[in-house]
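Single-structure report; data block below.
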Amino acid sequence: MKKRKIVIGVCFFVLLALTIAIPIIDYNMKGKITNETILKSFVLLIGDFLFLIRNVVSYSAADKKSFAIYESEYEHIIGKAFKQPENKRERTKLLKAIHLYNQNKFNKSIERLEALLPKCQLSSDRYAVLSFIALCYTDMGAYKKSIEYYEKILSYDNSKSDAWSNLGYVYKKIGDFNNQTQCFLKAIENDPNNAYANNNLAQALFSAGYYEDAIPYAEKALEIKADLHPASSCLAMCYCALGDEEQCSHYSKIAISNGSNSYGLNTILSNLRIARNNEINNEDNNNE
């Protein structure tokens, strides 16, 4: 967006310079400025401003389109934040900070979000701002800071299922199995229909080798959100590890049809089969 602004500005000033230069050149060559030259300059001047207006309007429209997408995509986080008529300006600033987050400009986003904190009047305002600060730190890999902000959110209201689930994800990133599972369980306790929390817990249990324990949570996630392909992939992997090829095939087909990477999933399943066969062979050898 910044580059586009620069290009628009340069183009406008080049056209403006050309508009001014034409009568000057005409005067130097002919000793006077003709009516035809004045008309040309006037037409160019009108064109300059139409160019500027068109690009400013399209730039503003692009922003509004992005904001509408964020309103929908992050509705569960920003919900009623700064929705009061007198806080319309703060709502726009929040959406601009979210736009920076989506462009991976995390430090700038955090700067804008922290500037909004003193303007937070309601719990919904504070939740939205703190959540996106935490998300920025998570995506930056600054997990300690991310944990700090999620704990701050939960100190205000420990019933926030999304915050518990996201905190669990951060603990997953640092390899803390106990804390991540506890967070996912708290997320589910506060909202049993949180598909992502159920899926996250299933993934954590699968990664730790608790295949049978993972299945009910993955099934619940898929029941809530039928197109959540990580949940169907998790079920395929669990059943594969348990040697149930029929169920593995069933869920792998669902996962791939919902967008799971076919090659990646099949590679994992192949590795699971090899590991299971090696385990069976080792047991047979031990029995002999």
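The values are calculated or read from the model by the stated rules, or taken from the named source; none is laboratory data. Predicted model only: the values in this text are computed from it and were never measured. Cβ placement follows ideal geometry from the backbone for every residue including glycine, while neighbour counts extend to all protein chains displayed. Calculation scope for accessible area: heavy atoms of the full protein, side chains included, ligands and nucleic acids excluded. Shrake-Rupley method; radii C 1.70, N 1.55, O 1.52, S 1.80 Å.
Observations on the model:
- Simple spin-label estimate for Glu245 and Ser159 gives 5.0 nm between the two label positions (7 Å along the Cα-to-Cβ direction from each Cα).
- In terms of packing, defined here as the mean over residues of other Cβ atoms within 10 angstrom, the peptides 78-90, 217-229 line up highest first as 217-229, 78-90.
- Theoretical FRET efficiency, 1/(1+(r/R0)^6), r = Cβ-Cβ of Ile69 and Tyr143, R0 25 Å, to 0.05: 0.35
- A protection proxy built from the mean count of other Cβ atoms within 10 Å ranks the segments 120-126, 271-277, 180-186, most packed first, as 180-186, 120-126, 271-277.
- Computed FRET value (nearest 0.05) for Ala208 with Ala115, which takes r as the C-beta separation and R₀ as 41 Å: 0.50
- Förster-model FRET efficiency, 22 Å R0, Lys108 and Gln84, C-beta, rounded to 0.05: 0.25
- Measuring with a 1.4 angstrom probe and ignoring ligands and nucleic acids, Tyr150 comes out at about 0 Å² accessible.
- Considering only Leu235, Gly264, Leu201, the residue lying farthest towards the positive end of the dipole of segment 200-285 is Gly264, judged by Cα position with unit charges set on Cβ.
- Here the spin labels are modelled as points 7 Å beyond Cα on the Cα-Cβ line, and at His76 and Asn277 they lie 4.0 nm apart.
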